[in-house]
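A quick write-up on the structure given underneath.
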Amino acid sequence: MQIPPADIDWFAETFGQASGRILEAWDDNGLEQSSNEPDPEMLCGAMRQLTDLLKSRFNGGVMATAEIHQPAVMKADISELGDYGLNILSDLSLISTDLGIVDENNTWELLAVSLARWLGANGAELHSLDLVVNGFSFLANRSTDIKALESLFMAMGEITEAMVPVGDPVHEGDVKYPEAGAMLLLNRGIVATRIHSPHLMESAFTDIAELIPEMAPRFFQEGLEQIDLINYPPQVRVVIQRFARDWPEERVLH
């Protein structure tokens with residue numbers, strides 16, 4: 001399965017198709033907006049406006065001329081707009097599930113991957129990653145070819161570079177990546193291991209150790225436990241064993 005491109009035009013076209021299906025299902029069910037539920041028609045309209053806005057500010061991945069002299073402001077704007085768009089997709093995904101729409105292609109998740117890739121390529125900082133992580137997991141579970149997995153690894157790396165932690169950066173230990181961000185880092189490590197590439201494993205495992213150290217020991221230990229079960233080649237075993245040795249799980253003595 002191909003990875004959704006970092007292309008705002010592809011995103012807009014694919015979103016238009018998906019939004020048509022959800023609006024048709026909404027009408028067929030005769031549902032009305034409640035005080036506590038977002039209206040899919042409103043959400044779809046908001047996304048179309050957002051897409052037009054993003055297109056108007058960027059041209060082929062380059063900042064529009066009028067915005068070039070305000071990079072700091074533009075970066076903040078696109079980050080906020082990006083989270084807004086990803087949250088809209090999450091809301092539509094939930095509504096789609098509630099409507100009982102069968103989505104074998106995980107359309108909303110793949111749309112989130114496409115939008116997140118485009119946002120990251122244009123300097124956005126990403127926070128709302130739950131749907132993006134689900135999209136990458138969907139792709140990973142359907143990818144067996146090494147070249148496809150390598151492309152997936154690179155795309156996941158684009159997002160890990162753009163995602164930001166939460167917390168107070170002034171106090172050491174108070175900054176952590178949210179659950180979705182941590183899951184993306186772990187899944188990227190798994191993809192690198194499936195590729196059997198020591199180079200990619202080094203990159204992914206180092207990110208895990210440095211960015212989510214509280215989760216690293218368990219991850220490397222589980223990899224160690226899988227060595228004989230999966231019969232990894234020697235070059236893969238060496239990397240797993242080294243990281244498991246350097247990041248041991250704490251043992252509590254009784």
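The values are calculated or read from the model by the stated rules, or taken from the named source; none is laboratory data. Predicted model only: the values in this text are computed from it and were never measured. Cβ placement follows ideal geometry from the backbone for every residue including glycine, while neighbour counts extend to all protein chains displayed. Protein only, heavy atoms only, side chains kept; ligands, DNA and RNA dropped before computing areas. Shrake-Rupley method; radii C 1.70, N 1.55, O 1.52, S 1.80 Å.
A compact table of results
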quantity: Solvent exposure ordering (accessible area, 1.4 Å, most first) of Glu214, Glu202; calculated: Glu214, Glu202
quantity: Cβ-based net charge around Ala182, under 14 Å, with every Lys or Arg adding one and every Asp or Glu removing one; calculated: -2
quantity: Long-range HN-HN contacts of Leu126 with modeled amide H, under 5 Å; calculated: Met163, Val164
quantity: Around Asp207: net Lys/Arg minus Asp/Glu count, Cβ-Cβ under 15 Å; calculated: -4
quantity: Gyration tensor verdict on region 105-209 (Cα atoms; rounded if a/c is under 1.5, prolate if a/b is larger than b/c, oblate otherwise); calculated: oblate
